[in-house]
Each structure stands twice: as C-alpha cells, then as structure tokens.
Amino acid sequence: MEYVKNILGTIGNTPLVKLNKIVEEIEALVLAKVETFNPGNSAKDRMAVKMIDDAESQGLLKPGYTIIEGTSGNTGMGLALVAIIKGYKLICVISDKQSKEKMDILRAVGAEVIVCPTNVEPDDPRSYYSVSKRLATETPNSWYVNQYDNPSNSLAHYEQTGPEIWEQTEGKITHFVVGVGTGGTISGIGKYLKEKNPAIKIWGIDTYGSVFKKYHETGIFDENEIYPYITEGIGEDILPKNVNFSVIDGFTKVTDKDAAVYTRKIAKEEGIFVGNSAGSAVKGLLQLKKHFKKEDVVVVLFHDHGSRYVGKMFNDDWMRERGFLDEEKLVAIDLIKD
Ligand code: PMP
C-alpha cells in the first residue's frame, strides 16, 4: 500500500508547468512553480511545518499551547493543518482587506479568526501586527509565530523549494521571479539558487504602496512609498527580517489593476487557477522581458489558489467597481454592436 501518514506528508514536490500564451512575447522558456498543489493550496504550508517543528525543538511550543499569528490567510491555513495534526489551538489575526473566502476557510479548519482594520499604522494598537503581539503576551501558554522575523520561514524554502526548483530544471534555471511579502520565499529560494550558481538572477515583485523596491535601490525606508493598496499577499509597510536583500537583484512594481487583470488571464489563457500575487508575478515578469534571452530558463512561483479570490478579481462586479474591467468591457460592447 502506498500512503502518507497524514495530510502533512503531501506537502512539497509541486510541479513546474510551462507557461505558453500569456508569455508569448518572451522567447525564454518560462516555467511556473505551482504551489497550489500543496494541501493548504499555497506555498505557506512548507514554512508552517518548519516554523512549528523548529519551535517545538527549541522548547518554545509545548503540548496544550495556543499558536498565535498575524496572517493574510495562507500562512494561517498552513498553520491550521499542522495544528490539527499536532493538536494545538490556533488564533489567526487578519486584516479586513483580506478576502472573506480566506477568513471562512480558516474557520473551516478550526482556527479562531480575529479581524483588524487595514488602514492604520503598523504601531497603531488596532493594527493586526499590534493585536497579534498583544494577544501573544496576554494568552498564557501561547507561542507567537511571527512569520515576518522567524528564520524558519525562509529556511523552509532554502531546504525544500529551492532544491526542488534546482532539480526540476536540472540546474538550467537562469532567473527566478516571485512576489515578496514576508520575504521568506524569495530569500530562501534565492539563497539556495545563488549558492548553486551565483549567476542566477533573483527578481522580487513588489506593489505600489510598498517599501521594498525603493529600499532595495536606495537603502532608504521611505514612508512616502506607503499607501493602501488592493493586491493581497505581497508588499509591506515594514522591513521584515526575512527579506534578505543581498540575494535579490532587483524589484519591479505592479499596479493593483494589472495584478487583477493578469490573475484572470492566467486562469483564462493557461487554465491555471491561481491567486492575486501570481497575476502580479506574471505581469512583473513581462515588465522585465528585456532581461531575458532566448536560451534562458525563467521560473516564476505561483503562491496560492484562485478559489480564495472568487469574490474579488474573478468577480466582474468587483472588477467593474474598481475600474479594472475596461478592456473586457469594450469587447462586450463591440459584441453587442455586432
Ligand atoms: N503571495 C501570497 C498569496 C501570499 O500569501 C504571500 C505571503 N504573504 C506571498 C505571496 C509572499 O510570500 P512571502 O511572505 O514568502 O514573501
């Protein structure tokens, strides 16, 4: 018989899928590392396991403890799966701009969800950073995960995702492109790939309203770069310890509208139903096309599943209300005229 001893045994070894129509203007081979094949439907399952395992071995997390985290949903889902298997209680503190689907999914897998306002400063007592930290100090026998600064986050990608990409491309990868939030994914994979071959270029995808690109280029943490944005999962108004700027060659910023439009295009043109940050990553990759030569092998990572965004960019009314549906609306008007 062939089986895994519980659902955690299905994490990792996600496929690389060639992108075709959506990247037809690029001559290089473009491959997507589709992380939705993980059981929690995102790359975050990998680091959830690693952070919990490491906290246990360091004696920070013990039987009967409550795990507390500020999470945009995907980390929460990963933590929830591990918490179920290992018998911990989980509290997720989430900001109100996150999709309702993400909150419902977290509740479905047994997490307690606390929703905080998005448009407040990180050090405001109502922010999800502050609320999660406060809960962690006030709750006895609890462990605060802190994915932003927890080194096990990027280590999971250094130990697993990086080697997978290297082996799947038989060492032929020349560029890696990925959205950056806590920085765990880009820093872990980037470090591993650069150790294997320092010529590999690592590109981060940032969003307008976030500090990463400017900080990387100037070393200045510019508060003027910070304003509310719609894109989920990437960009920050803080500098998480997990962002290792030394393994990143550059950032490109993608607008909320482009991210939403390209998330829809990935589903329609490639049949790959993935989330908002995948749209950012593909649009960012197209913005970078002058850096890619015909013989290059470009890997882009898709973090999470489209089902979490059915009420958002996959919903026409949501797109129309934000003025994101122009091109498709024009096509519809043309069809009516015909
Ligand atoms: N995309 C999505 C959908 C995410 O949830 C996250 C995590 N915030 C990221 C991208 C960025 O990954 P990381 O935190 O490892 O930088």
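Numerical summary
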quantity	calculated
In the range 37-66, residue nearest to Ile7 (Cα to Cα) [restricted to those that are surrounded by fewer than 19 Cβ atoms within 10 Å (Cβ to Cβ) and of a type in the set (Asp, Glu)]	Asp53
Selection within the range 197-216 - farther than 14 Å from Val243 by Cβ and among the charged types (D, E, K, R)	Lys201
Failed item, numbered, when Val34 is tested on (1) within 14 Å of the ligand (Cβ to nearest atom); (2) at pLDDT below 95; (3) surrounded by fewer than 23 Cβ atoms within 10 Å (Cβ to Cβ)	(2)
Condition met for His291 (more than 25 Å from Asp104 (Cα to Cα) and either modelled with pLDDT of 95 or more or within 16 Å of the ligand (Cβ to nearest atom) (or both))	yes
Breaking point among (1) within 16 Å of the ligand (Cβ to nearest atom); (2) free of Cβ contacts under 8 Å to residues at least 12 places away in the same chain, for Glu195	(1)
Counted residues, the range 71-109 - those being assigned to a loop (DSSP other than H, G, I, E, B), touching a residue at least 24 places away in the same chain (Cβ under 8 Å) and either within 15 Å of Tyr309 (Cα to Cα) or not hydrophobic (A, V, I, L, M, F, W, C) (or both)	8
Filtered residues of the range 56-70 (kept if in contact (Cβ under 8 Å) with a residue 40 or more places away in the chain and either at positive phi or within 22 Å of the chain's Cα centre (by Cα) (or both))	Gly64, Ile67, Ile68, Glu69, Gly70
In the range 16-55, the residues that are assigned to a loop (DSSP other than H, G, I, E, B) and without any contact (Cβ under 8 Å) to a residue 24 or more places away in the chain	Glu24
Qualifying residues in the range 156-187 (those that are of a type in the set (Gly, Ala, Ser) and free of Cβ contacts under 8 Å to residues at least 40 places away in the same chain) - the one surrounded by the fewest Cβ atoms within 10 Å (Cβ to Cβ)	Gly171
Extreme residue, nearest to Pro117 (Cα to Cα), among residues of the range 216-233 that are under 20 Å from the mean Cα position of the chain (by Cα) and not polar (S, T, N, Q)	Pro228
Residue selected from the range 218-259 under the condition in a helix (DSSP H, G or I) and under 28 Å from Gly306 (Cα atoms), by the criterion nearest to the ligand (Cβ to nearest atom)	Ala259
Qualifying residue in the range 55-67 (condition: at pLDDT below 95 and of a type in the set (Asp, Glu))	no
Options Lys89, Lys97, Lys133, Lys102; residue that is basic (Lys, Arg), under 27 Å from Val299 (Cα atoms) and either modelled with pLDDT under 95 or out of contact with any Leu (no Cβ under 8 Å at 6 or more places or on another chain) (or both)	Lys102
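A quick yes/no check of all residues on (1) within 16 Å of the ligand (Cβ to nearest atom); (2) not in a helix (DSSP H, G or I):
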{"position": "Val115", "(1), (2)": "no, yes"}
{"position": "Pro122", "(1), (2)": "yes, yes"}
{"position": "Tyr129", "(1), (2)": "yes, no"}
{"position": "Asn153", "(1), (2)": "yes, no"}
{"position": "Glu159", "(1), (2)": "yes, no"}
{"position": "Ile165", "(1), (2)": "yes, no"}
{"position": "Glu170", "(1), (2)": "no, yes"}
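Every residue, every condition in (1) closer than 30 Å to Leu286 by Cβ; (2) surrounded by fewer than 22 Cβ atoms within 10 Å (Cβ to Cβ), yes or no:
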| site | (1), (2) |
| --- | --- |
| Lys5 | no, yes |
| Pro15 | yes, yes |
| Lys18 | yes, yes |
| Val23 | yes, no |
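The values are calculated or read from the model by the stated rules, or taken from the named source; none is laboratory data. Not measured: the values here are computed from a predicted model. Using ideal geometry, Cβ is built from the backbone for each residue, glycine included, and neighbour counts are taken over all protein chains shown.
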